[in-house]
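The values are calculated or read from the model by the stated rules, or taken from the named source; none is laboratory data. Just so we're clear, the structure is a prediction, and the values are computed from it rather than from any experiment. Here the Cβ is made from the backbone with ideal geometry for all residues, glycine too, and neighbour counts use every protein chain on show.
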Amino acid sequence: MERIKQALERARAERAGQPAPVAVDTEPAPAATQIPVEQVTYSQTRHAEVSTPELRAKRVVTGFDPCEFTDAYKMLRTQVLQRLNENNWNVLAVTSPGTGEGKTLTALNLAVSLAMEVKHTVLLVDANLRHPSLHEQLGLPGSPGLSDYLSKDTPLSELFVHPRGIDHLTILPGGHAMLNSAEMLNSPKMSRLVDELKTRYASRIVIFDLPPVLNAADAMAFTPYVDATLLVVEEGKTQRKEVEHAVELLSGTNVLGTVLNKAGSH
(Lines give C-alpha, C1' and ligand atoms only; values in the text may rest on other atoms or scores of the structure.)
Protein backbone atom coordinates (compact mmCIF):
# COMPACT_ATOMS: atom_id res chain seq x y z
CA MET A 1 0.00 0.00 0.00
CA GLU A 2 1.27 3.46 -0.81
CA ARG A 3 2.47 5.28 2.26
CA ILE A 4 -0.43 7.16 3.76
CA LYS A 5 1.69 10.04 4.92
CA GLN A 6 2.73 10.74 1.32
CA ALA A 7 -0.92 10.94 0.30
CA LEU A 8 -1.53 13.49 3.04
CA GLU A 9 1.53 15.53 2.10
CA ARG A 10 0.44 15.72 -1.51
CA ALA A 11 -3.18 16.51 -0.67
CA ARG A 12 -2.22 19.27 1.74
CA ALA A 13 0.47 20.78 -0.48
CA GLU A 14 -1.66 20.72 -3.62
CA ARG A 15 -4.63 22.29 -1.88
CA ALA A 16 -2.77 24.98 0.06
CA GLY A 17 0.04 25.67 -2.37
CA GLN A 18 2.49 25.25 0.53
CA PRO A 19 5.43 22.93 1.29
CA ALA A 20 4.36 19.49 2.47
CA PRO A 21 3.84 19.28 6.24
CA VAL A 22 5.93 17.35 8.70
CA ALA A 23 5.13 13.63 8.80
CA VAL A 24 6.78 11.13 11.09
CA ASP A 25 6.59 7.34 11.20
CA THR A 26 6.36 5.86 14.70
CA GLU A 27 5.10 2.58 16.01
CA PRO A 28 2.11 3.66 18.00
CA ALA A 29 2.84 7.25 18.07
CA PRO A 30 3.28 10.98 18.94
CA ALA A 31 4.02 17.21 20.72
CA ALA A 32 4.19 21.81 21.19
CA THR A 33 5.80 25.91 22.57
CA GLN A 34 8.98 27.18 24.19
CA ILE A 35 8.67 29.84 26.82
CA PRO A 36 9.88 30.03 30.43
CA VAL A 37 7.86 27.76 32.71
CA GLU A 38 6.31 28.88 36.00
CA GLN A 39 6.68 26.91 39.19
CA VAL A 40 3.85 24.39 39.06
CA THR A 41 1.68 23.68 42.06
CA TYR A 42 -1.43 21.51 42.19
CA SER A 43 -2.98 22.77 45.40
CA GLN A 44 -6.44 23.08 43.81
CA THR A 45 -6.16 20.11 41.46
CA ARG A 46 -7.21 16.57 42.23
CA HIS A 47 -4.36 14.07 42.33
CA ALA A 48 -4.71 10.61 40.86
CA GLU A 49 -2.41 7.66 41.37
CA VAL A 50 -1.24 6.00 38.17
CA SER A 51 0.37 2.57 38.09
CA THR A 52 3.63 2.22 36.15
CA PRO A 53 2.86 -1.40 35.13
CA GLU A 54 -0.56 -0.31 33.89
CA LEU A 55 0.93 2.60 31.97
CA ARG A 56 3.30 0.15 30.34
CA ALA A 57 0.44 -2.19 29.50
CA LYS A 58 -1.41 0.73 27.90
CA ARG A 59 1.77 1.75 25.99
CA VAL A 60 2.14 5.12 27.72
CA VAL A 61 5.74 6.30 27.47
CA THR A 62 6.26 6.90 31.20
CA GLY A 63 5.80 3.17 31.75
CA PHE A 64 8.96 2.44 29.73
CA ASP A 65 12.68 2.85 30.18
CA PRO A 66 14.35 4.76 27.30
CA CYS A 67 14.03 2.70 24.12
CA GLU A 68 13.14 3.04 20.43
CA PHE A 69 9.49 3.45 21.40
CA THR A 70 10.14 6.44 23.67
CA ASP A 71 12.71 7.86 21.25
CA ALA A 72 10.07 7.96 18.50
CA TYR A 73 7.92 10.23 20.63
CA LYS A 74 10.87 12.47 21.45
CA MET A 75 11.56 12.87 17.75
CA LEU A 76 7.96 13.76 17.05
CA ARG A 77 7.90 16.12 20.02
CA THR A 78 10.91 17.97 18.63
CA GLN A 79 9.42 18.32 15.17
CA VAL A 80 6.03 19.51 16.39
CA LEU A 81 7.61 21.93 18.86
CA GLN A 82 9.56 23.47 16.01
CA ARG A 83 6.39 24.09 14.03
CA LEU A 84 4.51 25.50 17.00
CA ASN A 85 7.39 27.74 18.02
CA GLU A 86 7.81 29.09 14.50
CA ASN A 87 4.23 30.33 14.58
CA ASN A 88 3.87 31.17 18.27
CA TRP A 89 1.13 28.54 18.64
CA ASN A 90 0.19 26.66 21.80
CA VAL A 91 -3.16 24.96 21.14
CA LEU A 92 -3.07 21.67 19.25
CA ALA A 93 -5.79 19.18 18.33
CA VAL A 94 -5.19 15.48 17.71
CA THR A 95 -7.64 13.54 15.56
CA SER A 96 -7.82 10.74 13.01
CA PRO A 97 -9.92 9.93 9.94
CA GLY A 98 -11.67 6.95 11.58
CA THR A 99 -11.91 4.99 14.80
CA GLY A 100 -9.29 2.70 16.30
CA GLU A 101 -6.31 4.42 14.68
CA GLY A 102 -4.57 5.37 17.93
CA LYS A 103 -5.36 9.07 18.29
CA THR A 104 -6.07 9.04 22.05
CA LEU A 105 -2.88 7.15 22.83
CA THR A 106 -1.03 9.52 20.51
CA ALA A 107 -2.50 12.58 22.25
CA LEU A 108 -1.58 11.19 25.67
CA ASN A 109 1.97 10.22 24.74
CA LEU A 110 2.42 13.55 23.01
CA ALA A 111 1.28 15.36 26.14
CA VAL A 112 3.51 13.27 28.40
CA SER A 113 6.52 13.81 26.15
CA LEU A 114 5.93 17.55 26.15
CA ALA A 115 5.45 17.61 29.92
CA MET A 116 8.89 16.01 30.29
CA GLU A 117 10.30 19.18 28.68
CA VAL A 118 11.12 21.44 31.62
CA LYS A 119 10.15 24.53 29.63
CA HIS A 120 6.48 23.60 29.41
CA THR A 121 3.38 22.69 31.32
CA VAL A 122 0.77 20.71 29.44
CA LEU A 123 -3.01 20.49 29.69
CA LEU A 124 -4.56 17.50 27.92
CA VAL A 125 -8.31 17.80 27.31
CA ASP A 126 -10.53 14.85 26.43
CA ALA A 127 -12.79 16.55 23.88
CA ASN A 128 -14.13 13.29 22.46
CA LEU A 129 -17.45 13.92 24.14
CA ARG A 130 -19.20 11.14 22.25
CA HIS A 131 -16.87 8.48 23.65
CA PRO A 132 -14.59 9.94 26.35
CA SER A 133 -11.83 7.43 27.05
CA LEU A 134 -8.68 9.31 28.03
CA HIS A 135 -9.06 8.27 31.66
CA GLU A 136 -9.00 4.62 30.59
CA GLN A 137 -5.59 5.08 28.96
CA LEU A 138 -4.28 6.22 32.34
CA GLY A 139 -6.04 3.43 34.21
CA LEU A 140 -8.25 5.93 36.05
CA PRO A 141 -11.92 5.53 36.97
CA GLY A 142 -14.50 7.69 35.22
CA SER A 143 -15.01 11.12 36.74
CA PRO A 144 -16.73 14.44 35.97
CA GLY A 145 -15.07 16.41 33.20
CA LEU A 146 -15.52 18.74 30.24
CA SER A 147 -19.12 17.71 29.59
CA ASP A 148 -20.02 18.64 33.17
CA TYR A 149 -18.43 22.07 32.73
CA LEU A 150 -20.36 22.66 29.51
CA SER A 151 -23.74 21.31 30.61
CA LYS A 152 -23.78 21.75 34.39
CA ASP A 153 -21.43 24.70 34.98
CA THR A 154 -19.21 22.56 37.20
CA PRO A 155 -16.16 24.70 38.05
CA LEU A 156 -12.99 23.72 36.22
CA SER A 157 -11.11 23.63 39.52
CA GLU A 158 -13.21 20.57 40.45
CA LEU A 159 -12.48 18.80 37.18
CA PHE A 160 -8.73 19.03 36.60
CA VAL A 161 -6.69 15.94 37.47
CA HIS A 162 -2.93 15.68 38.00
CA PRO A 163 -1.55 12.15 37.48
CA ARG A 164 1.02 11.68 40.23
CA GLY A 165 4.48 11.02 38.88
CA ILE A 166 3.95 12.88 35.58
CA ASP A 167 5.18 16.34 36.44
CA HIS A 168 3.84 19.39 34.57
CA LEU A 169 0.84 17.47 33.17
CA THR A 170 -2.81 18.21 33.97
CA ILE A 171 -5.77 16.30 32.57
CA LEU A 172 -9.29 17.57 31.91
CA PRO A 173 -11.34 14.37 31.50
CA GLY A 174 -14.28 14.16 29.13
CA GLY A 175 -16.89 13.35 31.76
CA HIS A 176 -20.17 11.77 30.68
CA ALA A 177 -20.91 11.08 27.00
CA MET A 178 -23.04 13.65 25.15
CA LEU A 179 -25.25 13.06 22.12
CA ASN A 180 -25.11 16.76 21.16
CA SER A 181 -21.33 16.84 21.36
CA ALA A 182 -20.79 18.76 18.10
CA GLU A 183 -23.08 21.57 19.24
CA MET A 184 -21.38 21.74 22.64
CA LEU A 185 -17.90 21.86 21.12
CA ASN A 186 -19.03 24.67 18.82
CA SER A 187 -20.77 26.64 21.57
CA PRO A 188 -19.76 30.14 22.73
CA LYS A 189 -18.98 28.67 26.15
CA MET A 190 -16.46 26.28 24.62
CA SER A 191 -14.93 29.06 22.57
CA ARG A 192 -14.45 31.14 25.71
CA LEU A 193 -12.92 28.16 27.49
CA VAL A 194 -10.35 27.65 24.73
CA ASP A 195 -9.40 31.32 24.89
CA GLU A 196 -8.99 31.11 28.66
CA LEU A 197 -6.91 27.93 28.54
CA LYS A 198 -4.78 29.36 25.74
CA THR A 199 -3.84 32.58 27.49
CA ARG A 200 -3.86 31.78 31.22
CA TYR A 201 -0.27 30.53 31.47
CA ALA A 202 2.44 31.65 29.08
CA SER A 203 4.30 28.34 29.15
CA ARG A 204 1.30 26.04 28.77
CA ILE A 205 0.56 23.88 25.75
CA VAL A 206 -3.04 22.75 25.43
CA ILE A 207 -3.82 19.53 23.55
CA PHE A 208 -7.36 18.48 22.63
CA ASP A 209 -8.11 14.83 21.89
CA LEU A 210 -10.93 15.10 19.34
CA PRO A 211 -13.31 12.51 17.84
CA PRO A 212 -12.48 11.05 14.42
CA VAL A 213 -13.06 13.45 11.53
CA LEU A 214 -15.08 11.18 9.27
CA ASN A 215 -17.45 9.82 11.92
CA ALA A 216 -19.07 13.02 13.17
CA ALA A 217 -19.08 16.80 12.79
CA ASP A 218 -17.32 17.36 16.13
CA ALA A 219 -13.75 17.77 14.89
CA MET A 220 -14.77 19.97 11.98
CA ALA A 221 -16.81 22.17 14.31
CA PHE A 222 -14.00 22.54 16.82
CA THR A 223 -10.74 22.80 14.88
CA PRO A 224 -11.21 26.49 13.93
CA TYR A 225 -10.62 27.25 17.64
CA VAL A 226 -7.18 25.64 17.72
CA ASP A 227 -3.86 26.70 16.21
CA ALA A 228 -3.01 23.43 14.49
CA THR A 229 -4.05 19.81 14.10
CA LEU A 230 -2.14 16.54 14.03
CA LEU A 231 -3.70 13.66 12.08
CA VAL A 232 -3.15 10.09 13.27
CA VAL A 233 -3.42 7.34 10.65
CA GLU A 234 -2.76 3.61 10.83
CA GLU A 235 -0.66 1.91 8.23
CA GLY A 236 -2.51 -0.97 6.63
CA LYS A 237 -5.88 0.30 7.83
CA THR A 238 -6.42 3.96 6.94
CA GLN A 239 -7.06 4.38 3.23
CA ARG A 240 -5.55 7.14 1.10
CA LYS A 241 -8.99 8.48 0.15
CA GLU A 242 -9.89 8.68 3.85
CA VAL A 243 -6.78 10.74 4.59
CA GLU A 244 -7.42 13.12 1.71
CA HIS A 245 -11.07 13.52 2.71
CA ALA A 246 -10.07 14.20 6.32
CA VAL A 247 -7.58 16.85 5.22
CA GLU A 248 -10.26 18.57 3.15
CA LEU A 249 -12.63 18.61 6.11
CA LEU A 250 -9.87 20.07 8.30
CA SER A 251 -9.26 23.00 5.96
CA GLY A 252 -10.22 25.40 8.75
CA THR A 253 -7.03 24.61 10.64
CA ASN A 254 -3.31 24.11 10.01
CA VAL A 255 -2.61 20.39 9.56
CA LEU A 256 0.94 19.93 10.87
CA GLY A 257 1.27 16.46 9.43
CA THR A 258 0.58 12.82 10.19
CA VAL A 259 1.56 10.32 12.79
CA LEU A 260 1.83 7.01 10.97
CA ASN A 261 0.78 4.51 13.59
CA LYS A 262 1.99 0.89 13.62
CA ALA A 263 4.40 1.60 10.77
CA GLY A 264 6.16 -1.49 9.49
CA SER A 265 3.86 -3.91 11.31
CA HIS A 266 1.98 -4.99 8.17
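General remarks:
- Inside the stretch 81-107, residues that are more than 20 Å from P224 (Cβ to Cβ) and either outside any loop (DSSP other than H, G, I, E, B) or of a type in the set (G, A, S) (or both) make up a count of 10.
- Residue within the stretch 141-151 that is over 13 Å from the mean Cα position of the chain (by Cα), surrounded by fewer than 22 Cβ atoms within 10 Å (Cβ to Cβ) and under 26 Å from A246 (Cα atoms) present: no
- Within the stretch 90-103, one or more residues are of a type outside the set (G, A, S) and loosely packed, with under 15 Cβ neighbours inside 10 Å.
- When T223, T170 are checked against the criterion of being among the polar types (S, T, N, Q) and buried (at least 24 other Cβ atoms within 10 Å of the Cβ), T223 stands alone in meeting it.
- Leading residue by the ranking (farthest from the chain's Cα centre (by Cα)) among those in the stretch 22-68 that are at pLDDT 85 or above, not in a loop (DSSP other than H, G, I, E, B) and not aliphatic (A, V, I, L, M): P53
- Filtered residue count, the stretch 217-235, keeping only those that are of a type outside the set (D, E), more than 11 Å from T95 (Cβ to Cβ) and in a loop (DSSP other than H, G, I, E, B): 1
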